[in-house]
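Some notes on the structure that comes next.
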Amino acid sequence: MSNIIMIGERIRMLRINKGLTQKDLGNILNMNKTTISHYEKGERCPSIETLIQISDYFGVDITYVLGMNNIGKSYDSEIK
């Protein structure tokens, strides 16, 4: 699986687990829902600044969003 697809899947999972729509997350990140959709589908890759915003908002390590590990919230509990 490519990294860009993994990033998209992680963003989608984090968003859904928090009960947010793509529009909600777009509002939080100051972008439109179409951009979130492109990220989740692996059609675009978020900038490093956006990846940092996402990891900060969801309280996960950026390496989790990047698909480099399975450690999620609070850096010590695994997200299933």
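For the chain, the fraction of 1.4 Å probe accessible surface lying on carbon and sulfur atoms is 50 percent. Each peptide in 45-51, 34-40 was scored by the mean count of other Cβ atoms within 10 Å over its residues; highest first, the order is 34-40, 45-51. One way to sum up the overall shape of the chain is the equivalent ellipsoid from its Cα gyration tensor, whose semi-axes run 18, 14, 11 Å, largest first. Straightening the chain between residue 27 and residue 3 buys 6.2 nm, computed as 0.36 nm per residue apart minus the Cα-Cα spacing. Accessible surface calculations at 1.4 Å, restricted to protein heavy atoms, place the chain at 59 Å² per residue.
Since only 42, 22, 6 are under comparison, the one whose Cα sits farthest along the positive direction of the charge dipole of the range 2-56, derived from C-beta charges on Lys, Arg, Asp and Glu, is 22.
The values are calculated or read from the model by the stated rules, or taken from the named source; none is laboratory data. The structure displayed is predicted, hence computed values, not measured ones. Positions of Cβ are backbone-derived with ideal geometry, glycine not excepted, and every protein chain shown enters the neighbour counts. The accessibility values were calculated without ligands, DNA or RNA, using every heavy atom of the protein model including side chains. Shrake-Rupley method; radii C 1.70, N 1.55, O 1.52, S 1.80 Å.
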